[in-house]
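The values are calculated or read from the model by the stated rules, or taken from the named source; none is laboratory data. Quantities reported herein were computed from a predicted structural model and do not represent experimental measurements. Counting neighbours? That spans all protein chains shown, and the Cβs are built from the backbone with ideal geometry, glycine included.
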């Protein structure tokens, strides 16, 4: 394998949409934290195969855990929660893998956050303290408005002011009481007639097979969706549907092609025989999150599989800049993220070869892994800086 980081990145992204790849690479050149978010595969290519961190208890991990992969969503019980929110890379792996990737994101993202090195290390220790203490208790909870604190509480409270009409106005335009998606080439770009027809047919087959409300899922518009960093270039659509009525009770859906986890090539642990990559993503998300998101499902198109989910007014991430120099606010945010990580691992434990709660509790009481994680996160953050500058100069 070549050590040239540009070649490694180009090879991994081969076959994706060329125009969206240009956008992805442009974003990755903008700052080191975005570069880190867009190169999950490099992290696991480089992760040492003989590290003691690989002997930690096996759990269902997000796989790409970083500061911006937590957020809000509305569950199928219509309550809003704060949790991990990206499971494209999810697999069965040592519990330490999510932790070390997250702590590396704190150090790499320190400039974006506006914190210095000592403050970043302090936040890493806040996360580790909270994660291990929460894991040691052996039971899981969920974060909702009534239990949230600090910046997460502010986010969940602000969501009460968002209504569907305003959300639709941000993403659609209305003409003669009918809405259509806004094509701005930033969030939405035009889909071909063939792509639109394919998505309409797929949704029709899915709603009949799952006995969904036919009128609710009537398709009004389909366009290509631009979102995320790591997954840019993969086939993805925004779908406007009738919902509970036009024009202001329409719903938006996200349909995304599911591909192999970028961790798959570097895992020595046996994985379940999933029917598809979409089933892997959806099943692990349902296990990890306390309440599954609304309208989460799998859509099949021959040998291709897609993940379907609702785009919601209540879906958002914490504003990482909102700490305004008050480190205690960031402490609270990182504390919540540490709790969520431990709760999610506990909630999904004991399934298909994942560790049981007793194993995780015993692991939490050990201390030898903490310094290993901190030291690796610090050293790999230096490598990320080097890779980022090489990519920015040579790509």
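Name the residues in the stretch 133-155 that are touching a residue at least 60 places away in the same chain (Cβ under 8 Å) and in a loop (DSSP other than H, G, I, E, B), would you? Correct list: 138, 139, 140, 141, 142, 145, 148, 149.
Okay, residues lined up against (1) modelled with pLDDT of 95 or more; (2) more than 28 Å from residue 371 (Cα to Cα):
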residue: 12; (1), (2): yes, yes
residue: 38; (1), (2): yes, no
residue: 42; (1), (2): yes, no
residue: 47; (1), (2): yes, no
residue: 59; (1), (2): yes, no
residue: 66; (1), (2): yes, no
residue: 79; (1), (2): no, yes
residue: 85; (1), (2): no, no
residue: 88; (1), (2): yes, yes
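Pairs linking a residue in the stretch 82-93 that is not assigned by TED's automatic domain parsing to the domain that holds residue 149 to a residue that is buried (at least 24 other Cβ atoms within 10 Å of the Cβ), with Cβ atoms under 6 Å and 6 or more positions apart or on different chains, do not occur.
Of everything listed in (1) within 28 Å of residue 76 (Cβ to Cβ); (2) more than 22 Å from the chain's Cα centre (by Cα); (3) assigned by TED's automatic domain parsing to the domain that holds residue 196, the single unmet condition for residue 185 is (1). Consider residue 105 carefully, then state whether it is free of Cβ contacts under 8 Å to residues at least 60 places away in the same chain, out of contact with any strand residue (DSSP E or B) (no Cβ under 7 Å at 6 or more places or on another chain) and part of a helix (DSSP H, G or I). Against the criterion (free of Cβ contacts under 8 Å to residues at least 60 places away in the same chain, out of contact with any strand residue (DSSP E or B) (no Cβ under 7 Å at 6 or more places or on another chain) and part of a helix (DSSP H, G or I)), residue 105 does not qualify.
Yes or no: residue 153 over 30 Å from residue 22 (Cα atoms), crowded, with 17+ Cβ neighbours inside 10 Å and at pLDDT below 95? Yes; evaluated as a whole, the condition is true for this residue. Among residues belonging to the stretch 20-31 that are surrounded by fewer than 20 Cβ atoms within 10 Å (Cβ to Cβ) and in contact (Cβ under 8 Å) with a residue 40 or more places away in the chain, point out the one that is nearest to residue 110 (Cα to Cα). For the stretch 20-31, the residue satisfying everything is 31.
Residue 292 meets each of the listed conditions (1) surrounded by 20 or more Cβ atoms within 10 Å (Cβ to Cβ); (2) closer than 27 Å to residue 142 by Cβ; (3) touching a helix residue (DSSP H, G or I) at 6+ places or on another chain (Cβ under 9 Å) apart from (1). If you check 299, 267, 226 for being under 21 Å from residue 171 (Cα atoms) and not assigned by TED's automatic domain parsing to the domain that holds residue 348, only one passes: 226.
What residue, among those in the stretch 188-203 that are touching a residue at least 12 places away in the same chain (Cβ under 8 Å) and within 19 Å of residue 304 (Cβ to Cβ), is surrounded by the most Cβ atoms within 10 Å (Cβ to Cβ)? Here the answer is 199.
Here the condition is being in contact (Cβ under 8 Å) with a residue 40 or more places away in the chain, more than 23 Å from the chain's Cα centre (by Cα), surrounded by fewer than 17 Cβ atoms within 10 Å (Cβ to Cβ) and on the phi > 0 side of the Ramachandran plot; of 177, 163, it holds for 177 alone.
Residues of the stretch 110-145 that are touching a strand residue (DSSP E or B) at 6+ places or on another chain (Cβ under 8 Å) and surrounded by fewer than 20 Cβ atoms within 10 Å (Cβ to Cβ): 142, 144, 145. Across the stretch 206-223, the qualifying residues are those that are farther than 19 Å from residue 175 by Cα and without any contact (Cβ under 8 Å) to a residue 24 or more places away in the chain, and the one among them that is surrounded by the fewest Cβ atoms within 10 Å (Cβ to Cβ) is 211.
In this entry, residue 283 passes the filter for residues that are in a helix (DSSP H, G or I) and without any contact (Cβ under 8 Å) to a residue 12 or more places away in the chain. Checking each residue of the stretch 349-359 against the condition of being in contact (Cβ under 8 Å) with a residue 24 or more places away in the chain, outside any loop (DSSP other than H, G, I, E, B) and crowded, with 22+ Cβ neighbours inside 10 Å gives no match.
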